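Below: one structure, written as structure tokens.
Read-outs throughout are calculated quantities, based only on the coordinates presented, and are distinct from any laboratory measurement. As the structure is a prediction and not an experimental result, all values here were calculated from the model. A quick note on method: Cβ atoms are made from the backbone with ideal geometry, for glycine too, and the neighbour counts reach across all protein chains shown.
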Amino acid sequence: MTDASGIPLAITLTAANVHDIKQLLPLLVNITPVRGKRGRPRQRPDTLIADKAYDSQPLRDTLRWLGIEPKIPRRRQSSAGLGKLRWVVERTLAWLHQLRRLRTRYDRRDDVHQAFMNLGCAMICWKQLK
């Protein structure tokens, strides 16, 4: 999950056969508050932009209950308009895949691969701040 500029907010490592919908709410919970601005730090995003894999009415209802506006295309609907917004996430994934160790998984242990994913996200954040 990234913010509007492509900085990773939360990541998770799952098996290849886990459905995307089941991982969205744990990702939302793992977002830490953004500090540095005056006032109370934000806990959740205002909107959530996702692809067709997240199309589910119970998920939409849960997001609205949390105060998040979902922008998720329906399965039989064209998602051409959201490509203007989703390219940020695809660019962040491309930045992570520039690291050879993340592009091809050589590690058998999940904790080692998760550590390299965290390191890759830290490198992205560092480059954005620089």
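Structure note, pairs 22/130; 22/127; 71/130; 84/127: Cα-Cα distances above 29 angstrom occur for 22/130; 22/127; 71/130. A simple rule links phi to the HN-Hα coupling: the Karplus curve 6.51 cos²θ - 1.76 cosθ + 1.60 with θ = phi - 60°, which for the range 121-126 gives 5, 5, 5, 5, 5, 5 Hz, with x for Gly and Pro.
Computed on the chain, with alpha-carbon pairs under 8 angstrom and 6+ residues apart, the relative contact order is 26 percent. Remark: 91, 103, 38 ranked as 38, 103, 91, counting other beta-carbon atoms within 10 Å and listing the fewest first.
Cross-link reach is defined here as a Cα-Cα straight distance under 15 Å, omitting same-chain residues fewer than 8 places apart; for residue 52 the aspartates and glutamates meeting it are 20, 90.
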